[in-house]
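The values are calculated or read from the model by the stated rules, or taken from the named source; none is laboratory data. Just so it is clear, the model here is predicted, and its values are computed rather than measured. Reconstructed Cβ throughout: ideal geometry from the backbone, glycine too, with neighbour counts over all protein chains shown. Keep in mind that these areas ignore ligands, DNA and RNA; they rest on the heavy atoms of the full protein, side chains included. Shrake-Rupley method; radii C 1.70, N 1.55, O 1.52, S 1.80 Å.
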Amino acid sequence: MSAKKRPILITGGSGFIGNTLVRQCLAEENSAIVNLDKLTYAANPDSLCDVEDHPDYRFVEGDIVDARLVADLLEQFRPSAIIHLAAETHVDRSIADPPTFAVTNVLGTCTLLDAATRYWQQLEGPQRQEFRFLLVSTDEVFGSAEPDQPFDEQSRLEPRSPYAASKSAGEHLAFSFSHTYGLPLLISNPSNNYGPRQHPEKLIPKMILAAAAQQPLPVYGDGKHQRDWIHVDDCCRAIMQILKHGLPGNRYVVGADMCLENLHVVRAICNLVDERFGDNGQRYKLIEHVVDRPGHDRRYAVCAKKLRRETDWQPTISLEQGLRETVAWYLDHPEWSEKLIGKAPQR
Ligand SMILES: NC(=O)c1ccc[n+]([C@@H]2O[C@H](COP(=O)([O-])OP(=O)(O)OC[C@H]3O[C@@H](n4cnc5c(N)ncnc54)[C@H](O)[C@@H]3O)[C@@H](O)[C@H]2O)c1
């Protein structure tokens, strides 16, 4: 790693959003990156094999809960910023096993905030001025949105799943460090991401792989739950805009105004998979309505006006194009998903 560049420390860089952000930073931002990741069942190191020998990239396998490790890393690499993505992220797993989510998303976030604050406090001059801690939270912290009332930066935190509650707790801790110690904090709340290299337990890849294999497509409840979709490339560019231009102490919601019912998304995937196999397999007939997730939020929707106003960010990938490319990616890279299937701990 070049001694002249102060790297960005990205936690959870081997996960879905993380690997996209790492590769984007190296390719588009000319940044040096240190990726701290525990490599849980959710990570796929193959996602970063194309950059593992990049001179500006370092991977450190480790746990954000490990205070000694985190302090040593900050001392060794002296980053200009921390982008904190590492988390347990699957809502269904949080319902089956809440404590695991509290350990990483609450205790881990607190450990990282504490180490970051101590590190930042001993920086001087421009290095201290420039340092930022960017917490990547989620739109799920706001609870379920009413029709025509998307969440924005003023929305109250009303988390309703153990996952969302653990992410909110991380946010509360982060704001407390900003208020108490002056840590230059930024918070982002992205909506549902999709794109290549997302774990096949999540809705879009799960449906693509099942549709390709002509297997049942389980949809929770009536399938009319709505999610606001953003392509992961657009989300990562938003995160970098927030890092560069966001005002410390501020929250930025991130979304692409693409709120759709789950059933609509699954049907679109079926059509794309049918088209790809050229067999008019009418895969939508494989949709099976299954018992709803307990406490399932009906609607997530966000309005990213503040982000668009304060930075020159805007989404560039339509859902139609992004979904088509995502379907193609999963069908062209079966080995990537196969590596993860069966690795997840049983619930
Ligand atoms: N994917 C989405 O739709 C979405 C939307 C909004 C916000 N987010 C947030 O973005 C972040 C990344 O989400 P994702 O979808 O890429 O998640 P992911 O599950 O794909 O990846 C999480 C990564 O964190 C790592 N990790 C987990 N526990 C760790 C620990 N204790 N120490 C170090 N590393 C650890 C895992 O190994 C994995 O590589 C999360 O904080 C999530 O809450 C995700």
(request) Could you look through segment 322-347, keep only residues that are within 19 Å of the chain's Cα centre (by Cα), of a type in the set (G, A, S) and assigned to a helix (DSSP H, G or I), and pick out the one that is nearest to S94 (Cα to Cα)? (result) S337
(request) Kindly list the number of the only condition in (1) out of contact with any helix residue (DSSP H, G or I) (no Cβ under 9 Å at 6 or more places or on another chain); (2) without any contact (Cβ under 8 Å) to a residue 24 or more places away in the chain that fails for K306. (result) (2)
(request) Collect the residues in segment 70-109 that are touching a residue at least 40 places away in the same chain (Cβ under 8 Å), part of a helix (DSSP H, G or I) and open to solvent by 50 Å² or more (accessible area, probe 1.4 Å), keeping them in residue-number order. (result) E75, I95, A96, P98, L107
(request) Evaluate segment 110-129: report whether one residue or more is within 16 Å of the ligand (Cβ to nearest atom), touching a strand residue (DSSP E or B) at 6+ places or on another chain (Cβ under 7 Å) and assigned to a loop (DSSP other than H, G, I, E, B). (result) no
(message) Would you confirm whether or not segment 113-122 contains a residue that is open to solvent by 30 Å² or more (accessible area, probe 1.4 Å), at pLDDT 95 or above and on the phi > 0 side of the Ramachandran plot?
(response) no
(message) I need a count of the residues in segment 140-162 that are open to solvent by 40 Å² or more (accessible area, probe 1.4 Å) and at pLDDT 95 or above.
(response) 9
(request) Give the residues of segment 55-69 that are open to solvent by 60 Å² or more (accessible area, probe 1.4 Å) and closer than 16 Å to M1 by Cα, sorted by residue number. (result) P55, R58, F59
(request) Tell me, yes or no, whether segment 163-179 has at least one residue that is among the charged types (D, E, K, R), open to solvent by less than 50 Å² (accessible area, probe 1.4 Å) and at pLDDT 95 or above. (result) yes
(request) Name the single residue, out of those in segment 25-44 being out of contact with any strand residue (DSSP E or B) (no Cβ under 8 Å at 6 or more places or on another chain) and not aliphatic (A, V, I, L, M), that is least open to solvent (accessible area, probe 1.4 Å). (result) N44
(message) Taking the conditions exactly as written (away from the ligand (no atom under 12 Å from the Cβ), surrounded by 23 or more Cβ atoms within 10 Å (Cβ to Cβ) and modelled with pLDDT of 95 or more), does F133 satisfy them or not?
(response) yes
(request) Tally the residues that are in contact with a His (Cβ under 7 Å, 6 or more places away or on another chain) and open to solvent by 10 Å² or more (accessible area, probe 1.4 Å), restricting the search to segment 1-24. (result) 1
(message) What pairs come out if I take residues in segment 249-277 that are farther than 18 Å from T138 by Cβ and pair them with residues that are of a type in the set (F, W, Y) and assigned to a helix (DSSP H, G or I) whose C-beta lies under 7 Å away, six or more apart or interchain?
(response) R267/Y284; C270/Y284
(request) Go through segment 282-306 and count every residue that is on the phi > 0 side of the Ramachandran plot and of a type in the set (K, R). (result) 0
(message) Against the condition of a type in the set (A, V, I, L, M, F, W, C), near the ligand (Cβ under 10 Å from one of its atoms) and either farther than 15 Å from L85 by Cα or part of a helix (DSSP H, G or I) (or both), how does L36 come out, does it pass?
(response) no
